[in-house]
Structure formats: C-alpha cells, structure tokens
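The values are calculated or read from the model by the stated rules, or taken from the named source; none is laboratory data. Values in this document were obtained by computation on a predicted structure and should not be read as measured data. With ligands, DNA and RNA removed, areas are computed over all heavy atoms of the protein, side chains included. Shrake-Rupley method; radii C 1.70, N 1.55, O 1.52, S 1.80 Å.
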Amino acid sequence: KEFQATAPFPVIFSWNSGYWRDRTTDQGIKKRSFILNALRSGASVFLQETHWALGEEKKVASEIGANVKSTEVTHGSRGGVAILIPHSSKWKEISTHILIVGYAIAVLAMHQDGSRPVLFVSVYIDPNRLSEHVSALSQALLELSPLLPNAAQLILAGDFNFTPEGTLVGRQDRHELQQASLQEMCHALKLSELQTPALEATWTRVRQGKLI
C-alpha cells in the first residue's frame, strides 16, 4: 500500500519501530518498506526505540535517501528516537535539538516558501521513568521556546506509554500517575487544549496473557 500526503500542512507518521537496528532481516526489510512508502508520499517519519548505534543516522540516511536526525541510548534496552524528513519535503530543516539524550529529539523546520515554521518532536517515554521523562521534556521545550520563530507550530508525537484519558488494561495502578504527568506537561507548556486523535491506546498486543 502506498501512502498519500497531499495536505498543505506537515503530514507525520509516528511509529515505535521496535528495534530497527538490523535492517537486513525479513522483519527489518518489511519495516524499511513501510518507512520508505511513508517518505515517498512526502510525509516525515518519527521513530521510537530505534536502538541504533551512536552515529548510525548517517548510514540510515544513505540507505533510505532522507534527512535523518536521531539521538540514541548508550546503554539499556529502551530508547532511541529519530526524525526522518524526505528530501522532497516542502519543510526544510533549520536546526536540530536533542531534548533528552536517547528519548526526545526536535527538528525546527520551515516551509520552502519561508513561512510556517514547525517544531517536529519525536519522543519515547520509558514507562519506568514516566514522571522523570515528562518533566525533562517539559523543561527542555520551555528552554527551547525563546529560540523559536514567532507562531512556530509544535507537532509532538511518539510513544508515551500512557493515554490522555483512561489507562491500559491491567495497568489501573498507573492511572493517577498518567494524569498527573500529562497535566504537568500541559501546564508547563501553557497548553490550554491537547488535541489527540484518540483517547485510548493506539496499539496493543498480548504479552504473557495480558493486554498491554
């Protein structure tokens, strides 16, 4: 299936790629095909849990023919985020900012006509460090804000490991923490309204007999 991105505003695909380090396996090739289809449509792609080696973004950029910006974890089993912008995109990179090493990266882009500045942010929130990561993300965005052009649009997407309303099945104990973290981030960024495509998890699977 080929995607189409014809809207006059940035079109984003955000995906937890689940360890896209070995790109020669059957699964790695399928993931590459999905990502290439999105890029060829003109959409930018936000990836989480890439697990690339440090500096591997240059190799990936060469393999898929796109502008690739990433920040990777140096240890542990979680993390690694990236933003992939097709060379054909009308939004061109102005600057790149690492908000949380291994967990959040931002790219300031501008439409080729010199208008409509956009701040792309790809995020992975470690469920075991939820409050810490949300606080760090909020602080980093606040510090970056004075450096942005007037009327810059924030497009923040990724794998947050919690939902705006409700909670995941079997994780009722995290409900209050989820709500507090979300409110903290909205308050820090002075967001009066959080627009979300859905109020439930966008992806689930069964692990050890539990729906997560």
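Give Asp126, Asp173 a once-over and let me know the one that is modelled with pLDDT of 70 or more, at negative phi and charged (D, E, K, R). It would help to see each step written out before you state the result.
Details: Asp173 fails: modelled with pLDDT of 70 or more.
When all the criteria are applied, what remains is Asp126.
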For Ala151, all conditions in the list (1) at pLDDT below 90; (2) part of a helix (DSSP H, G or I); (3) open to solvent by 50 Å² or more (accessible area, probe 1.4 Å) hold save one; what is the number of the exception? (2)
Failed item in (1) modelled with pLDDT of 80 or more; (2) under 19 Å from the mean Cα position of the chain (by Cα); (3) charged (D, E, K, R), with Arg21 passing the rest: (1)
